[in-house]
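Asker: Have a look at this one.
Bear in mind these aren't lab numbers, they're just calculated from the coordinates by the rules spelled out. All of these numbers come straight from a predicted model, not from anything done at the bench.
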Amino acid sequence: MFPLVAALHNLEESIWLPAWSLHAGKWYPPVEAGAFRFAAAVLTVAAVSIAIAAMRGGGQSVAAYLSFGYTIAMLANAVVPHIALSLVLRAYTPGVATALLEVPVLALLARLAVKEDYVSGSRAVEYAVGVPAVLLLSIRPLLALGSRISG
């Protein structure tokens, strides 16, 4: 379920976020469509690849922890900025439709991962903090590379 909801979310953003960002003012910096779509595609491929590796590696594998961390990152991203910004603006923000799907699905997946000992302890906390941080730090370089590639 994780790679599916991540892909749907990235697709929704890829369609509507670039044009929306041009008029978002202080809430979101303008982003080129090609650059954003490139970054979203890379992050989607990463989500799918990690999920496949986690299925193959099983519980307590590095891939399981990466998948857990990515799940936490997508869950946090659903809440802030998508849901929070839609509430503040009292309007649709690109990504909020799928964010509303992501919250219950990803919260359940994260809960089950811990409950069923797929991930555990301080290592789970480290990945729940570390993976989102790495993903957040990867956005600018991915957008820059996407901008160069898309012309």
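Asker: Take the alpha carbon gyration tensor of region 38-151, find the square roots of its eigenvalues, order them as a ≥ b ≥ c, and report rounded if a/c is under 1.5; if not, report prolate when a/b exceeds b/c, else oblate.
Answerer: oblate
Asker: Roughly how tilted is helix 62-77, in degrees to the nearest 10 and between 0 and 90, from the longest Cα axis of the chain?
Answerer: Value to nearest ten degrees: 40.
Asker: Averaging sequence separations of C-alpha pairs under 8 Å and six or more residues apart, then dividing by the length of the chain, give the relative contact order as a whole percent.
Answerer: Once normalised by length, the contact order is 33 percent.
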